[in-house]
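The values are calculated or read from the model by the stated rules, or taken from the named source; none is laboratory data. If you're wondering where the values come from, they're calculated on a predicted model, not measured in any experiment. Note that each Cβ is placed from the backbone with ideal geometry, even for glycine, and that neighbours are counted across all protein chains shown.
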Amino acid sequence: MKRLVGCACALVLLAANQAAANLFVDPSFENQITHDGPPFVGLWEGFSAGAGSEAINGTVMPRTGTLHLALSIFGVNNAFAGAFQDIPVVAGTNYTFSGWHKTLSNPLDLGVEARIEWRNAGSNSEISRTPNLTTAPTSDYTQFSLAGLAPAGADLARVVYAIQTFGPEPTNTGTVFVDDVSFVVPEPASACLAMAGFLGMIAARRRRVA
């Protein structure tokens with residue numbers, strides 16, 4: 001019985017550790033982002049509207065390491081800039097996209113968007129997406145978090161952080177820094193607690209029988 005309990009605990013903890021691992025490659029943007037099209041799995045792809053907007057690796061104020069993502073728009077209406085990474089997912093599984101962002105722009109006269117686009121690799125099509133998370137950064141690094149369930153037919157998550165000037169901003173100007181992002185499966189902690197409770201019930205039953 002002790003061996004069974006020990007093996008069960010080890011397996012649950014192993015599963016929890018694996019599933020809680022960060023699925024992003026280069027979560028701190030220490031490698032240069034690309035701007036050259038697919039493939040998008042295993043690296044960050046930057047995008048922008050062109051002149052007056054940019055997505056680059058910055059060195060101004062990383063949260064950790066030496067680099068961070070820097071997104072800027074300079075006085076251009078209806079512009080955008082961002083970066084994304086494609087990650088293989090399992091339909092029916094919950095995922096959480098989180099990270100840290102900040103700005104030195106005062107005011108930050110643009111909108112921010114974090115989202116997960118659920119895609120099918122075979123058809124190269126989008127199935128659905130989460131509503132945009134529009135929490136604005138402050139002058140200090142603050143954490144943002146967005147959760148979503150991978151729908152039926154999805155085997156890729158395109159995880160996006162972007163800025164845009166599609167709204168009524170008068171100056172359409174600002175820069176946002178992003179660092180230390182993660183994309184994880186959150187459930188195993190609950191599973192581990194449930195298993196711990198189950199093993200506790202077994203132990204209590206054994207004491208009553210004895």
Next item on the list: Tell me, yes or no, whether region 122-129 has at least one residue that is farther than 27 Å from GLY65 by Cβ, surrounded by 12 or more Cβ atoms within 10 Å (Cβ to Cβ), modelled with pLDDT under 95 and more than 14 Å from the chain's Cα centre (by Cα).
Entry: no
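Only one residue in PRO137, PRO107 is in contact (Cβ under 8 Å) with a residue 24 or more places away in the chain, within 15 Å of GLY167 (Cβ to Cβ) and assigned by TED's automatic domain parsing to the domain that holds ALA83, so which one is that? Please lay out each step first, then the result.
Numbers: PRO137 fails: within 15 Å of GLY167 (Cβ to Cβ).
None of the others qualify; the one that does is PRO107.
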Notebook entry, point to check: For region 30-65, how many residues meet the condition of being among the polar types (S, T, N, Q) and crowded, with 18+ Cβ neighbours inside 10 Å?
Noted result: 3
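Check whether at least one residue in region 133-145 is within 17 Å of VAL184 (Cβ to Cβ) and not hydrophobic (A, V, I, L, M, F, W, C), and report yes or no. Break it down stepwise before answering.
First pass over region 133-145, keeping only residues within 17 Å of VAL184 (Cβ to Cβ): 133, 143-145.
Next, from what is left, pick out any that are not hydrophobic (A, V, I, L, M, F, W, C): 143, 145.
Yes, some residue in region 133-145 is within 17 Å of VAL184 (Cβ to Cβ) and not hydrophobic (A, V, I, L, M, F, W, C).
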Note to self: Among the numbered criteria (1) modelled with pLDDT under 95; (2) more than 17 Å from VAL178 (Cβ to Cβ), which one does MET61 miss?
What the structure shows: (2)
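Of the residues ASN17, ASN31, which is assigned to a helix (DSSP H, G or I) and either under 22 Å from PRO88 (Cα atoms) or at pLDDT below 95 (or both)? Lay out the reasoning, then the answer.
Numbers: ASN31 fails: assigned to a helix (DSSP H, G or I).
Among ASN17, ASN31, only ASN17 is assigned to a helix (DSSP H, G or I) and either under 22 Å from PRO88 (Cα atoms) or at pLDDT below 95 (or both).
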